[in-house]
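Here's the structure we're looking at; comments come further down.
Quick note: the coordinates plus some simple rules give every number you see, no bench work behind them. This is a predicted model, so every value here is computed, not measured. Glycine gets a Cβ as well: all are built from the backbone with ideal geometry, and neighbour counts include every protein chain shown.
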Amino acid sequence: MSTVIAAILFIGVIAYALFGGADYGAGFWDLTAGGAGRGRRVRELINLSLSPVWEANHTWLIFCLVTIWTGFPEAFTAITTTLYIPLGLAALGIVTRGAGFAFRHALTERHGERISGAAFACSSVLTPFFFGTIAGGIASGRVPSRGHGAPLTGWLNPTSLLGGILAVTVCAYLAAVFLTGQAQRRGDTSLTRAFRRRALGAGVGAGLVALVGVFVLHADSPRLFRRLSTVGAPLLAVSGLCGLAALLLLRRGRPSVVRTLAALAIATVVAGWGVAQYPYLLGTHLTIQHAAAPPATLWVLLVVSCVAAALIAPSLLLLYTLQLRRRLG
């Protein structure tokens with residue numbers, strides 16, 4: 001049962017990496033769009049794409065926090081008492097990002113609109129970076145089982161910095177692919193070409209970061225490197241092939257096919273980390289079984305998760321479908 005709950009937790013992690021990642025990546029392109037005149041059309045497309053869905057995407061983060069808190073309280077305590085700095089900065093980034101995105105639609109003065117837009121764009125880059133450092137600290141075994149680990153070196157280390165940079169580049173790649181399809185569906189040829197170039201650049205950048213990451217993990221996290229190069233290798237190979245296929249099909253492929261391939265590329269690389277981490281929840285010192293709550297709690301959590309999936313998944317599917325079909329203003 002503990003393994004089943006861990007799998008459910010990781011499904012939530014993958015979902016947040018996909019839907020939340022696309023949101024954060026859109027903020028990256030907002031930040032790099034240029035001045036008010038030059039970046040106006042890019043920001044208009046980003047606004048139209050994000051407005052109906054950006055709040056709903058955080059459902060997956062809430063689901064992950066509740067699941068690990070309830071199903072694996074010992075691990076939750078260890079993570080929050082060790083990595084409280086990046087967790088707090090990520091939470092601050094989420095709040096700042098949401099406030100900036102909301103207020104830049106409401107403020108009429110140019111100065112206030114510029115400040116709120118900058119808050120949205122900057123926090124869209126910093127928040128996934130901090131989440132990446134948290135993942136790196138957990139994966140590299142720097143969170144002790146009893147918590148209260150080193151508050152700085154727990155997330156300021158080579159593996160964590162690699163995770164942060166990789167998270168930003170992957171989010172940018174995913175968002176550029178999605179926005180290419182949005183521009184293509186709206187018949188905007190120039191924006192389609194612009195985001196196609198952005199997707200190619202971000203894809204190449206993510207690939208280079210992943211290549212450098214091989215050497216970083218070999219030196220800083222040998223156990224994780226060994227597991228990724230053995231049991232996780234098939235998933236990483238699928239990720240690379242899907243990502244490359246999405247880039248090759250950007251010009252001529254259907255937006256739905258390209259979007260699916262890009263999503264598979266991200267989902268499989270995150271799943272590869274999960275497979276490499278198994279059976280440990282923290283480093284090599286706290287297994288999933290030993291970190292789990294009592295069986296009765298896990299059974300209740302399983303039932304609640306199934307009910308939540310039955311209620312929430314169709315609603316989110318309808319929301320995303322309406323957005324992709326341009327039925328939402």
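For this structure, a couple of remarks:
- Largest first and in whole Å, the equivalent-ellipsoid semi-axes of segment 188-252 read 31, 13, 6, each the square root of five times a Cα gyration tensor eigenvalue.
- ALA102 versus ARG114: modelled label distance in nm, points set 7 Å from Cα along the beta carbon direction: 2.5
- Peptides ranked, highest mean first, by Cβ atoms within 10 Å: ranges 187-197, 278-288: 278-288, 187-197
- According to the Cα-based calculation, Rg over Rh for segment 2-324 is 0.97, with Rh computed by the Kirkwood formula.
- Virtual paramagnetic centre 7 Å along Cα→Cβ of ALA36, amide N under 16 Å, in segment 85-120: 104-119
- Helical contribution to [θ] at 222 nm, DSSP H n ≥ 4, -39,500 (n - 2.57), averaged over the chain, rounded to 500: -26000 deg cm²/dmol
- Theoretical gain in end-to-end length, LEU92 to VAL303 [0.36 nm per residue, Cα-Cα removed]: 72.8 nm
- Phi-based couplings in Hz for segment 320-325 (Karplus 6.51, -1.76, 1.60; Gly and Pro marked x): 5, 5, 5, 5, 5, 8
- Database remark: amide H of LEU286 closer than 5 angstrom to the amide H of LEU281 (H placed geometrically; neighbours at sequence offset of 5 or more, or on other chains; Pro and chain starts carry no H).
- Mean Cβ count within 10 Å, highest first, over the residues of peptides 295-302, 229-236: 229-236, 295-302
- FRET efficiency, ARG327 to TRP69 (Cβ-Cβ, R0 41 Å, nearest 0.05): 0.70
- Percent RCO, i.e. relative contact order, over segment 2-324, from Cα pairs under 8 Å lying at least 6 residues apart: 23
- Environment charge at LEU282 (Cβ cut-off 14 Å; Lys +1, Arg +1, Asp -1, Glu -1): +2
- Length added when fully stretched, ILE62-LEU318, from 0.36 nm per residue minus Cα-Cα: 90.2 nm
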